[in-house]
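Heads up: the structure comes next, in structure tokens.
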Amino acid sequence: MDIEIRYFAAARAAAGVSIQRVEPASLTQILAAITADNAQLAHVIEQCSFLVDSVAVNDMNMPIHAGSFIDVLPRFAGG
């Protein structure tokens, strides 16, 4: 079972998809993998916050387990 990444707003535009599936790893490793060939997404990701299973991420090295989902949330205007 994979991890589901859900992109929102500018992250969705940069990724070119709204949902992507990846193998389990640490959040840092996952982000490196999804941005390796996408400079635009890498730029947006630098400005994002992340939720794993609806909980805000404080440790970027935390392992993400199969069946989890990651929400990629860019900064939103006005909030």
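Just give me the residues in the stretch 40-59 being open to solvent by less than 60 Å² (accessible area, probe 1.4 Å) and more than 14 Å from Y7 (Cα to Cα), in sequence order.
Answer for the stretch 40-59, where residues must be open to solvent by less than 60 Å² (accessible area, probe 1.4 Å) and more than 14 Å from Y7 (Cα to Cα): just V57.
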Verdict on D53 being closer than 14 Å to Q20 by Cα, at pLDDT 95 or above and charged (D, E, K, R): no
Of the criteria (1) at pLDDT 95 or above; (2) open to solvent by less than 80 Å² (accessible area, probe 1.4 Å), which one M62 fails: (1)
D71 being touching a Ser or Thr at 6+ places or on another chain (Cβ under 8 Å) and free of Cβ contacts under 8 Å to residues at least 24 places away in the same chain: no
Some residue of the stretch 17-39 being open to solvent by 60 Å² or more (accessible area, probe 1.4 Å), closer than 19 Å to R75 by Cβ and touching a residue at least 12 places away in the same chain (Cβ under 8 Å): no
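The values are calculated or read from the model by the stated rules, or taken from the named source; none is laboratory data. Remember, predicted model here, so these are calculated numbers, not experimental data. Counting neighbours? That spans all protein chains shown, and the Cβs are built from the backbone with ideal geometry, glycine included. Side chains included, ligands, DNA and RNA excluded: accessible areas come from the protein's heavy atoms. Shrake-Rupley method; radii C 1.70, N 1.55, O 1.52, S 1.80 Å.
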